[in-house]
Amino acid sequence: MSARDGGYDDWLDAVAESAGYYLECANGHGWLPPRRVCPDCGSRDLVEEPLPDAGEIATHTTVYVATPAFEEDAPYVTAVVHFGPVSITGMVRGVDPEAVEMGDVVGIDVGERETTGDRIVVFQPR
Amino acid sequence: MLDPRVAGAGVTDFGEHPERTGRDLFAEAGLAALDDAGVPADDVDALYFGNFMGELAEHQGHQGPLMAEAVGVDAPATRFEAACASAGAGVRQAVKNLRTGEADVILVGGAERMTNIGTAAATDALAIAADDLYEVRAGMTFPGAYGLMARSYFAEYGGNREDLAYVAVKNHEHALVNEHAQLRKEITVEDALDAPMVADPLGLYDACPITDGAAAAVLVSDEYADEHGLTAPVSITGTGQGGDNLALQDRPHFDQTPAADAATEEAYADAGVGPADVDVAEVHDCFTIAEVLAVESLGLFKRGEGITAAREGVTTRHGEMPVNLSGGLKAKGHPVGATGVAQIATLTWLLDGSHPRADDVSDADVAVAHNAGGTAASATVHVLEVEQ
């Protein structure tokens, strides 16, 4: 069994329990863990804030040619979603890929890759 | 401070050479560059070598000394890794060291062996230029990242797949006479639009191929060139490098490349030129949308106007601002760690008149090379000028 990735796996655990969070600096910039300093402003005063319940799709693409680890998942939609001050990349499920649009409101969860069973960030329409 | 000169350059044929080892590819390019320069290997003070995925493709780390040995150079050798901008980063370090007088002759170059592991594994290897935890594990591929950027660009500035198809058509046409190019075939806008989707809105013809190949250049101090009577009319007069957050999601905009903006500003100031002075450019078109973002970062087109540059003919070889006369990464091919130096080689040959497309830019004095890593979390820009 491989070691957990500190920060990242803890964050996925929290998202899976509907208790997702992000790290916010003193100036309101949002990041995902692990972080010790805000790359935008240098603030080291990072505190966990609850992830907003829903976010907006900022951009998206349907991936037809996947890497081997996602072969059986393809085609799938990759999106970057703005959750307030933090943005997250994941797979959009539960909607026809052709119907996905920028500005769509989605929630976040943790799912499994069809190809490998590994955990993956999933966005579902709200 | 006198600027370093490009004394010679060499490239292998770019293409599918799965059986050729990285060391053999680089030996061919490096020896060609030394021969072209007329500089003995004994005079080389250092090798700066670009390579991105050698561990994955060849199970080979520590490539600096391996590659020095391959070209018969007994000198300190260091590998540079900045994803697709690896060789550009090496060129930049060479320019700096030649300017200070710490070195007189630096061999810069790069090599990448990619097709031996197959398309699927190569796609996987390229993806690791992104953030593993938050992008790769989320399913983001390299074309996927540029698909995200293209959609953002279209939404912000307009443009469509057909505009991008013109970039591919142009670069394929440019490559027709490039004997080292991987894809020497003319394509039409319809071909590009009809090709299978890779990561929408990007299709197969929006993407550069997977390429084996190497490139090298001998950079020398101005003093060395004079002392040895070298014919080296092209100088690197400006260097710049910019950086950005690695993950696309951690940037305020997905439709521009601030690292390339910063590299451009620094390189132009260093050379004392502006975008209006640039006569020809080689830019990092790993995807068609990347060429659009590049020419805007270089200030050759305003934001939102790069998208129609190829369609309107401005960036074709007959246009006012020819871009990627080599065929670009799109048609010339993209051996990742070699690309930054292949661009320097192309521009040197265009400026000194020895490139097959040189007649299209016979009055060119100032050229610019734009090399970007990943989704441009790393970018280098170099200005080259020819003495009249």
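Identify, from the list B:G144, B:G118, the residue that is within 28 Å of B:D191 (Cα to Cα), surrounded by 24 or more Cβ atoms within 10 Å (Cβ to Cβ) and either without any contact (Cβ under 8 Å) to a residue 24 or more places away in the chain or within 11 Å of chain A (Cβ to nearest Cβ) (or both).
Unique residue meeting the criteria: B:G144.
Looking at segment B:264-286, is at least one residue over 18 Å from B:I187 (Cβ atoms) and without any contact (Cβ under 8 Å) to a residue 12 or more places away in the chain?
yes
The rows are residues; the columns are (1) within 8 Å of chain A (Cβ to nearest Cβ); (2) of a type in the set (A, V, I, L, M); (3) more than 22 Å from the chain's Cα centre (by Cα); (4) not in a helix (DSSP H, G or I).
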| residue | (1), (2), (3), (4) |
| --- | --- |
| B:V91 | no, yes, no, no |
| B:G109 | no, no, no, yes |
| B:T123 | yes, no, no, no |
| B:G139 | yes, no, yes, yes |
| B:G159 | no, no, yes, yes |
| B:N178 | no, no, no, yes |
| B:A181 | no, yes, no, yes |
| B:D191 | no, no, yes, no |
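If you take the residues of segment A:40-73 that are in contact with a strand residue (DSSP E or B) (Cβ under 6 Å, 6 or more places away or on another chain) and within 9 Å of chain B (Cβ to nearest Cβ), which of them is nearest to B:A121 (Cα to Cα)?
Checking each candidate, the answer is A:V65.
Kindly indicate whether any position in segment A:26-34 is touching an Asp or Glu at 6+ places or on another chain (Cβ under 7 Å), away from every other protein chain (no Cβ under 14 Å) and more than 14 Å from B:Q249 (Cβ to Cβ).
Looking for residues that are touching an Asp or Glu at 6+ places or on another chain (Cβ under 7 Å), away from every other protein chain (no Cβ under 14 Å) and more than 14 Å from B:Q249 (Cβ to Cβ), one finds at least one in segment A:26-34, hence yes.
Could you tell me whether B:M197 is within 14 Å of chain A (Cβ to nearest Cβ), closer than 23 Å to B:R303 by Cβ and in contact with a Phe, Trp or Tyr (Cβ under 7 Å, 6 or more places away or on another chain)?
It is false that B:M197 is within 14 Å of chain A (Cβ to nearest Cβ), closer than 23 Å to B:R303 by Cβ and in contact with a Phe, Trp or Tyr (Cβ under 7 Å, 6 or more places away or on another chain).
Restrict the check to segment B:33-45 and report whether at least one residue is more than 16 Å from B:V105 (Cβ to Cβ), in contact (Cβ under 8 Å) with a residue 12 or more places away in the chain and not polar (S, T, N, Q).
no
Please go through segment B:189-227 and pick out each residue that is under 15 Å from B:G327 (Cα atoms) and of a type in the set (V, I, T).
Matches in segment B:189-227: B:I210, B:T211.
Residues of segment A:14-31 being of a type in the set (A, V, I, L, M) and in contact (Cβ under 8 Å) with a residue 24 or more places away in the chain, which ones?
A:V15, A:A16, A:A19, A:L23
Mind counting the residues in segment A:32-57 that are closer than 21 Å to A:E17 by Cα and either more than 19 Å from the chain's Cα centre (by Cα) or touching a residue at least 40 places away in the same chain (Cβ under 8 Å) (or both)?
6
Of the conditions (1) facing chain B (nearest Cβ under 9 Å); (2) among the polar types (S, T, N, Q); (3) touching a residue at least 24 places away in the same chain (Cβ under 8 Å), A:T78 satisfies every one except a single condition; which number is it?
(3)
Looking only at segment A:1-17, count how many residues are more than 13 Å from every other protein chain (Cβ to nearest Cβ) and surrounded by 12 or more Cβ atoms within 10 Å (Cβ to Cβ).
Going through segment A:1-17 one residue at a time, the tally reaches 3.
When the residues of segment B:1-30 are filtered to those that are within 17 Å of the chain's Cα centre (by Cα) and β-branched (V, I, T), which remaining residue is nearest to B:T339 (Cα to Cα)?
Going through the qualifying residues, I end up with B:V11.
When you look at B:A290, is it in contact (Cβ under 8 Å) with a residue 40 or more places away in the chain, within 20 Å of B:N97 (Cα to Cα), away from chain A (no Cβ under 14 Å) and small (G, A, S), yes or no?
Considered against the rule, which asks whether it is in contact (Cβ under 8 Å) with a residue 40 or more places away in the chain, within 20 Å of B:N97 (Cα to Cα), away from chain A (no Cβ under 14 Å) and small (G, A, S), B:A290 comes out as no.
Is it the case that segment B:201-211 has a residue that's at pLDDT 95 or above, more than 22 Å from B:Y166 (Cβ to Cβ), surrounded by 24 or more Cβ atoms within 10 Å (Cβ to Cβ) and not basic (K, R)?
yes
Kindly provide the set of residues from segment B:356-383 that are among the β-branched types (V, I, T) and either modelled with pLDDT under 95 or over 15 Å from the mean Cα position of the chain (by Cα) (or both), ordered by number.
B:V361, B:V366
How many residues are under 13 Å from B:V280 (Cβ atoms) and surrounded by fewer than 24 Cβ atoms within 10 Å (Cβ to Cβ) if we restrict to segment B:330-384?
Total meeting the criteria: 14.
Could you list, in sequence order, all residues of segment A:83-126 that are within 9 Å of chain B (Cβ to nearest Cβ), under 24 Å from B:P201 (Cα atoms) and not hydrophobic (A, V, I, L, M, F, W, C)?
A:S87, A:T89, A:G90, A:P97, A:R113
Of everything in segment B:259-274, what is touching a Ser or Thr at 6+ places or on another chain (Cβ under 8 Å) and either outside any helix (DSSP H, G or I) or under 26 Å from B:N160 (Cα atoms) (or both)? Give them in sequence order.
B:A259, B:A260, B:D261, B:G272, B:V273
So which residues in segment B:340-372 are over 17 Å from B:L107 (Cβ atoms), in contact with a strand residue (DSSP E or B) (Cβ under 9 Å, 6 or more places away or on another chain) and assigned to a helix (DSSP H, G or I), if there are any at all?
B:T346, B:L347, B:W349, B:L350, B:L351, B:D352, B:D360, B:V361
The values are calculated or read from the model by the stated rules, or taken from the named source; none is laboratory data. Here the structure is a predicted model, which is why all the values come from computation and not from measurement. Counting neighbours? That spans all protein chains shown, and the Cβs are built from the backbone with ideal geometry, glycine included.
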